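Worksheet: one structure, shown below.
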Ligand SMILES: *Cc1c(COP(=O)(O)O)cnc(C)c1O
């Protein structure tokens, strides 16, 4: 029998690689939009595990799928296929533009697959020199060396030696800047339709349409990283459905498994056809346990009951934030789509987003930042209205605490 060690927040500083700065409390239990810590203290969760627990904690449909599959078959590797993966892929295809799916375990891995596919497609179909990737400042695509290099935040990619080459970054929502670097050597334009980590910036429709047209003109692929913005977060299953522009490759992760690690890359038959047995792969990708949970999450999220409730909740959040701003004058902008909402801090609070997180946690509220200047809300898509009201009252207290500090 394994011995149950006594651990707490200070254990973190002794045993975990020091790449995170977690909150001072340790969550031990969650239900819906509520979380409890080691001391039994209750929190309202507007962080959603960074836009992951889209149906809240321990949603009954996900727990049932996990238990059922957990007692049936966990893992086979891709030497064998499995029913949950085949069902999940079929449902994702039925719900989107895509004809083919590749499963992986994290957002970064789905993006790694997407970028490799985009380059392989261009090299196979067009020319060995068609390898340039156009990406955007402030973009975030994950933490592998390729994905941090395509990401537009040098603080994440510097200090690890030579980076993958032939990647250029231009300002987001700037069509002229894309046009200036687009050429026949470009294999792909990669973007988050809503920049998440970069500060909750929604792509403008005219910009997206223009990029789509440039991609068509130069035979480059349009890759949408919907790792954060997908699976209902924006109020539609995927954000591209809001914005009226269809990508050639789309990645999704975070909410896909509702908290169980799983990701997917979706693409068309034509693009998928350049891949052969052995061109790419993963051991865990598409394992039965992950796919069974993701199938249950998709079945719940992709329904009018869930999707149609998101717009209303968005309005409730934004109104509460506006009310707080009228009283305390802390925000310079409130933006986002669906339940991915950013409140940008006014000049005098710039760089202090983390102070608001700390104050909120002390008041019993879990929220996120998106960079140093933006407070981010990414709650459960089915968060109860009473929880929003109660959580926003706690947020107001946290704002007072920061102002008075
Ligand atoms: C979180 C995120 C990723 C990385 O996902 P991981 O699961 O952490 O690898 C990639 N792209 C976007 C847009 C994200 O928000």
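Read-outs: derived from the displayed coordinates by stated rules, not from any lab. Keep in mind that what you see is a predicted model, and the values were worked out from it rather than measured. Using ideal geometry, Cβ is built from the backbone for each residue, glycine included, and neighbour counts are taken over all protein chains shown.
Note on the chain: GNM, Cα springs under 10 Å; of 137, 75, 280, the largest mean-square fluctuation is that of 280.
Per residue, the average separation of C-alpha pairs within less than 8 Å and at least 6 apart gives the chain a relative contact order of 22 percent.
Quick one: helix 107-125 against the long Cα principal axis of the chain, what's the angle to the nearest 10°, folded into 0 to 90? Tilt of helix 107-125: around 20 degrees.
Between residue 7 and residue 145, what length comes free when the chain is fully extended (0.36 nm per residue of separation minus the Cα-Cα distance, one decimal in nm)?
Numbers: separation 138, 0.36 × 138 = 49.68 nm, distance 3.28 nm.
Value of the extension gain: 46.4 nm.
Translational diffusion of the range 73-301 was estimated from the Stokes-Einstein equation, with Rh taken as the Kirkwood radius over Cα pairs; at 20 °C and 1.002 mPa s the coefficient is 122 µm²/s.
Taking every alpha-carbon pair under 8 Å whose residues sit at least 6 apart, the range 244-354 reaches a relative contact order of 17 percent.
Against the empirical 2.2 N^0.38 Å (N residues), the chain has a Cα radius of gyration ratio of 0.99.
What residue among 87, 119, 326 shows peak mean-square fluctuation when the chain is described by a Gaussian network model with Cα springs under 10 Å? Maximum fluctuation in the GNM of the chain, among the listed residues, is at 326. Taking a point 7 Å out from the Cα of residue 86 in the direction of its Cβ, the residues of the range 266-298 whose backbone N falls within less than 16 Å of it are 286-289, 291-292.
Relative contact order for the range 328-369: what is it in percent, counting Cα pairs under 8 Å that are at least 6 residues apart? Please report the intermediate quantities before stating the final value.
Values: 35 pairs, mean separation 11.1, N = 42.
Reported as a whole number, the value is 26 percent.
Largest GNM mean-square fluctuation among 180, 206, 253, using the chain with Cα springs under 10 Å: 180. Site pair residue 326 and residue 126 shows an inter-label distance of 5.2 nm when each label is modelled 7 Å from Cα along Cα→Cβ.
Using the Cβ-Cβ distance between residue 401 and residue 350 with R0 = 25 Å, the FRET efficiency computed as 1/(1 + (r/R0)^6) comes to roughly 0.90. The eigenvalues of the Cα gyration tensor, multiplied by 5 and square-rooted, give the range 1-146 an equivalent ellipsoid with semi-axes of 36, 24, 17 Å from largest to smallest.
What's the ranking of 365-374, 184-193 by average number of surrounding C-beta atoms within 10 Å, highest first? Spell out each step's value before the answer.
Details: 365-374: 21.6, 184-193: 24.1.
Result, highest mean first: 184-193, 365-374.
With contributions of -39500 (n - 2.57) from each DSSP H run of at least four residues, the per-residue ellipticity at 222 nm computed over the chain stands at -12000 deg cm²/dmol.
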